[in-house]
1. What is the mean number of Cβ atoms from other protein chains located within 10 Å of the Cβ atom of each residue in peptide B:140-153, rounded to a whole number?
2. Given a Förster distance of 41 Å, report the FRET efficiency between residue A:325 and residue B:36 from their Cβ-Cβ distance, rounded to the nearest 0.05.
3. Give me the inter-chain shielding for A:301-311: mean count of other chain Cβ atoms within 10 Å, whole number please.
4. Please express the shape of segment A:161-225 as an equivalent ellipsoid: the semi-axes are the square roots of 5 times the eigenvalues of the C-alpha gyration tensor, given largest first in whole angstrom.
5. Going by how many other beta carbons lie within 10 Å of each one, how would you line up A:323, B:53, fewest first?
6. So for each of B:154-163, B:133-142 I average, over its residues, the number of other beta carbons within 10 Å; can you give me the resulting order with the highest mean first?
7. Determine, from the Cβ-Cβ distance of residue A:233 and residue A:345 and an R0 of 25 Å, the FRET efficiency 1/(1 + (r/R0)^6), rounded to the nearest 0.05.
8. List residues of segment A:235-260, by number, whose backbone nitrogen lies under 18 Å from a label position 7 Å along Cα→C-beta of residue A:294.
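No value in this document is a laboratory result; all are computed from the given coordinates. Quick caveat, the model's predicted, so the values are computed rather than measured. Because the Cβ atoms are built from the backbone with ideal geometry, glycine has one as well, and the counts that use them run over all protein chains shown.
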């Protein structure tokens, strides 16, 4: 169940402080709400639960700051946690009062012994309809307020409401949206909740892929990778536009970060390098999204007709051009790329570690049978 | 269904499909000689469609769609059509409910059809995705309804239910349906004709 990286070095990750059970703390970079320790977190992420006095902490690797929803403001929660980069050990700004800076000794690791406080605030297990990170008319005249009111207010809302109805009482009730999408995809034989789950995910991702005053060109590492994998930024734009325009029927076009490997027995890349990880453009029909293909999505455009019909009617190419020139949020894409690359790197390390463990296991099995004629002991295999 | 919708739908979408198809035909000598029906079946290639299938099938579907409607349509079918519906669905209301339900549960883009099944020799309601049409399976369509969002978005936005109801109440052409059913009876045996006793 655990979708987050391995435990590894505590210094490398961020420890977020739970001030009270059920408190909405922060938002994962794929914009799903992560709650503080409650039943779900303990069940799915026991390795990440630790106790510090009366506080219960949970560890995640990449977070970003987000504002509070209306509900939280009502509940009087103060502002949420801030993101920290991998280089700084525990320099999260939440900790000054806790005196955790630079020290790990103060923490007691208590797996599964966390006493669960009876919380007055029950953690709701339903998915929420998050509003876009800008007001409904912020993208005028390129995407009208009208479109938003229908697209977000009716379509997206319907997906979320129907999803909640469908998962009520099932085990999906307590999963995160990313997980729900993968579970309901059911390896290509989708369950009824897949369409709603995936569409809810896709639309959230889509709103965050845009911003007022967007468009222009990316910069930094993102631009580098684009130029490396597509030749030039213009060629990338052409290819993306073409994918979006040729997605027949309803669907989405995506820019993804591809870092997966063959899932075949002992297939190991003999010379793993950064070159294997590429930016790729894919398109998907209806509700499908690249999470199910083990890609890391970076950018998407909704080419269901409801996304552009009010503003552009049948002129899909115009809609796509407007999106690329005036709406794309390259900041969001760059941030997602960073996350994707970090996760891919961690996954590699984790897999290398597992493989090494397996090999060592094999050696210890074989040792009794081996006779060292030369008298040279094989010290390298022992721990 | 507003004038604007028909204009955009017919000129914009249907027109684009026709143009796309013509361009493809201009390049291919073999495909050029086919009739539209055969073109659809050939490009469908038994479930492994060639790139031209989408255009061909959409042209066919839209032609069929415009003809499935008429001004002052809707209401109930009569005579043979009604009898056949009652025979295969129980009652006209059953059929109408089934049709609406199928239309509303279609995810993504597609079409809803009342078809005469060749093998089973009965009427059924089917839904197809994107451009697929029942003629590729040898069935005979009687009426269809475009459930692509472009067909109803300008008039109804996401209110599919109202669109389907409007179609059934005011647009569907049962005259056309009857004509098609009569034509289909030449190919599918729907039972012995009732010859009045003198």
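1. 2
2. Once the sixth-power term is evaluated, E becomes 0.60.
3. If you average over the peptide's residues, the count of other-chain Cβ atoms is 3.
4. Equivalent ellipsoid semi-axes, largest first: 32, 14, 10 Å.
5. B:53, A:323
6. B:133-142, B:154-163
7. On the way: r = 25 Å, r/R0 = 1.01.
About 0.50, to the nearest 0.05.
8. So the set is A:256-260.
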